[in-house]
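One structure is given below, encoded as structure tokens.
The values are calculated or read from the model by the stated rules, or taken from the named source; none is laboratory data. Computed from a prediction, not measured in an experiment: that's the story for all the values here. As a convention, Cβ positions derive from the backbone with ideal geometry for all residues, glycine included, and neighbour counts pool all protein chains shown. Each accessible area value is taken on the protein alone, full model and side chains, heavy atoms only, with ligands, DNA and RNA left out. Shrake-Rupley method; radii C 1.70, N 1.55, O 1.52, S 1.80 Å.
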Amino acid sequence: MASVYFDGATRRHKGNARPSVDSVTLDIEDGEFLVLVGPSGCGKSTTLRMLAGLEPVDDGTIYIDGHDQRGVRPRDRDVAMVFQSYALYPNMSAEENMAFALRNAGMGKAEAHQRVLEAAKILELEPLLGRKPGQLSGGQRQRVAMGRAIVRQPKVFCMDEPLSNLDAKLRVSTRAQIAALQRRLGVTTVYVTHDQVEAMTMGHRVAVLNAGVLQQVDTPEALYDRPVNTFVAGFIGSPAINLVEAPVRDGQADLLGAPVPLQQRADAERVILGVRPESWTVGAQGVPVRVELVESLGAEAFVYGRPEGDPDGPRLTVRLEKKLRPEVGDVLTIAPVPAEVHVFDAESGQRLA
Amino acid sequence: MTAPPEISAPAPRSGPPAPVGKPPRRSGRPYGEWLLAAGLLLPNLLLLVLFTYRPLVDNIRLSFTDWNISAPVARYIGVQNYVAWFHDGNSHQVLLNTLIFTVATVGISMALGLALAMLLDQRLRGRNLVRSAIFAPFVISGAAVGLAFQFVFDPNFGMIRDLADRFLGVSVPDFYQQPGWALVMVTTTYIWKNLGYTFVIYLAALQGRRADLDEAAEIDGASAWRRFSKVLLPQLRPTTFFLSITVLLNSVQVFDIINVMTRGGPQGYGTTTLVYQVYRETFVNNKAGYGATIATIMFLILLVITVVQVRVMDRGMNS
């Protein structure tokens, strides 16, 4: 177990004008489960690979347990990694795969076997130890890859989208298993994913990256409730938050005709308002919206529509309880809950209130 | 925007719905594919039968005759040629030469080819030039290489002699007079010429290998030797298998270099391999029946080796 500290870590790839990872500073506590999340190509995997030592750090540095990792080879960092592809050695059995690192470290056969058995018990892999990766299902391979990481009892786990090759049902159950396992073992874990549901459900804290730049590091709840900018607001939450540019008049923003009082920067000309799908109320006053699509999910429904009489207006998403089921073509009058509206600067996209 | 049509859940039905509109087009007659396959395969099969299997059968038939290549008729003599070959003292020498030459060329060219491929798979300055230089001899004719290496190994003014004399201060053996050294000479020449083949195939395999396994091994703390033996070599197994068969078949059939450099000598059979013996008996001694016998023996040896190789590799890949 160890703390991890990214100190302005930067990675530049040849031919790219902008760094793939741009001055990331990130403090990860001992035993913490931190999720790195962001869209494809945002630099989250590169950040993880820099921590594992598979990718050089061009500027800044990374500390593990307070030790500068510059010039330290991956094998000497005491970091275990679970790859997206699992990277299991196809010629070795599950047991040999799991014991490989232990044997490399000079551990005797009997002791390595014992350690593998312990890990296999936790992961319910005991009957599969003799099988080769080619004879295992995707979920079983994923567990062997996890087992290979935990037998080493490393300082840090690096997990690079380990669930992306599983089907939806298995992903949900494995998600919970990994989170529970991490809490049980207490090993500092950095987990990369592009799936915000994984990010929100697994980690103690979530770090959101965009274009190589760290946007916000916070608990899942705080990310959802107080996103620092429009990118985080738009990235976290499904369906996505409604972001609407609104002119400001007399200290109030005009959200498609519905007034929203502003606490700060009432002098700005324009702001961007963020309204989560569940932050609307349906009533007699507000924005009339022509319903274009209704997604019924049983307990709730998401309604998509545009302001009535403005077919080029912004598309709005509204979450409705079960009792309300409008039809396509209906007009629904909705108003934002003022206390739940996020206000962002129209130019920079940064949070104002 | 028009509203989508109303769709309600279908009423329960007892069978498939009645067809609406034209039925979909189905694939052609079932034997159409067979005809296509036959049409594509037949020309090749015909050539294979005419120019490979028919001569093979003819060769086996001739091995039971006393045919002199200049004579119009051949007489059936049973297994006399085979008995003669097994009793000929030189046959053992020829077999041993073939074995040494083949094992050395297959082993060394594969090991060296892999080592060079691993080296030149790294990001090194000028690696493309070196890659081309290693591959170039493979496209030169064996006769030309043999001729050039005659000068390299010349005991009086050859490059080897010059280098040994200048840097090591030792004299070199007479590669043309001593049978053992003559075999070393033709083997070295053959390896030099064909190294590019194993090199280029291994290089392609290395470039297609899984980078994530290398990274996993690096994180798992594997030493360079364990990364090579436990992670890289198993990935290269199909390539190694392919090379072991093709290099073996090519090595056993080498003729040009031996013919140009030593003509099977020195001292009679110093560098004579099975193929060279076939040539010598058939076209120098005119004993075509006897030559056919040696060719048949060679065919059987290669057949057995290849079958064993395939079995062993199959087992290795399945386990």
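Each of A:GLN135, A:THR189, A:GLN69 was scored by the projection of its Cα onto the charge dipole of the range A:54-203, and the greatest displacement toward the positive side belongs to A:GLN135; charges sit on the C-beta of Lys, Arg, Asp and Glu.
Over 26 Å, how big is the tail of the calculated P(r) for chain B, in percent of all Cα pairs? When all Cα pairs of chain B are counted, 65 percent exceed 26 Å.
Charges were assigned to the Cβ only: +1 to each Lys and Arg, -1 to each Asp and Glu. The resulting dipole of the range A:98-166 about its Cα centre is roughly 220 debye. Other protein chain C-beta atoms within 10 Å of residue C-beta, averaged over A:82-88: 4.
Mean Kyte-Doolittle of at least 1.0 and a Cα length of 18 Å or more along the axis: which whole DSSP H helices of chain B meet both?
Helix filter hits for chain B: B:30-48, B:89-120, B:237-252, B:288-318.
Label zone (A:ASP250, point 7 Å along Cα-to-C-beta; backbone nitrogen cut-off 19 Å) within the range A:320-353: A:336, A:338. Structural descriptor for the range B:89-246: relative contact order 31 percent, calculated from alpha carbon pairs under 8 angstrom and at least 6 residues apart. The range A:277-353 and the range B:29-63 have Cα centres separated by 73 Å. Under 13 Å from a label point set 7 Å out along the Cα-to-Cβ vector of A:GLN264, the amide N atoms of the range A:225-253 belong to A:226-229.
Cross-linked pairs A:LYS109/A:LYS155; B:LYS193/B:LYS287; A:LYS109/A:LYS132; A:LYS14/A:LYS132; A:LYS14/B:LYS193; A:LYS109/B:LYS230: Cα-Cα separations exceed 27 Å for B:LYS193/B:LYS287; A:LYS14/A:LYS132; A:LYS14/B:LYS193.
Ranked by solvent-accessible area (1.4 Å probe, protein heavy atoms only, all chains present), the residues A:HIS194, B:HIS87, A:HIS342 order from largest to smallest as B:HIS87, A:HIS194, A:HIS342.
Alpha carbon centre of the range A:134-193 versus the range B:69-121: separation in Å? If we compute the Cα centre of each part, the gap is 55 Å.
Helical runs (DSSP H, four residues minimum) scored at -39500 (n - 2.57) apiece and divided by the length of chain B put the mean residue ellipticity at 222 nm at -19500 deg cm²/dmol. Counting only other chain Cβ atoms within 10 Å of each residue's Cβ, the peptide A:69-80 averages 2. Measuring how big chain A is from its alpha-carbon positions, Rg and Dmax come out at 24.1, 77 Å.
Its DSSP H runs of at least 4 residues, each contributing -39,500 (n - 2.57), put the calculated 222 nm mean residue ellipticity of chain A at -7000 deg cm²/dmol, to the nearest 500. Between the listed residues B:LEU206, B:GLY107, B:GLY264, the Cα displaced farthest toward the positive end of the dipole of chain B, a dipole computed from Cβ unit charges relative to the Cα centre, is found at B:LEU206. The angle separating the long axis of helix A:94-104 from the principal Cα axis of greatest extent in chain A is about 70 degrees. The radius of gyration of the Cα set in the range B:12-124, together with its Dmax, comes out at 30.0, 90 angstrom. Relative contact order, whole percent, for chain A stands at 16, derived from Cα pairs under 8 Å and 6 or more residues apart. Of the trypsin sites (Lys or Arg not before Pro) found in the range B:252-306, those that fall in a DSSP loop while having at most 15 other beta-carbon atoms within 10 Å are B:ARG263. For the protein assembly as shown, a simple Cβ point-charge model (Lys and Arg +1, Asp and Glu -1, everything else neutral) yields a dipole of about 2560 debye relative to the Cα centre. When chain A is described by a simple charge dipole with +1 on each Lys and Arg Cβ and -1 on each Asp and Glu Cβ, the residue from A:SER348, A:PRO227, A:GLN177 located farthest towards its positive end is A:GLN177. Hey, what angle do you get for helix A:168-185 against the long axis of chain A, alpha-carbon based, 0 to 90 degrees rounded to 10? Roughly 60 degrees between the two axes.
Is there a quick way to get the dipole size of chain A? I mean about its Cα centre, with the Cβ of Lys and Arg at +1 and of Asp and Glu at -1; what is the value in debye to the nearest 20?
Approximately 1500 debye in magnitude.
Over every Cα atom in the protein assembly as shown, the radius of gyration and the widest Cα-Cα span, Dmax, amount to 37.3, 119 Å. Label zone (A:THR281, point 7 Å along Cα-to-C-beta; backbone nitrogen cut-off 20 Å) within the range A:238-253: A:242, A:252-253.
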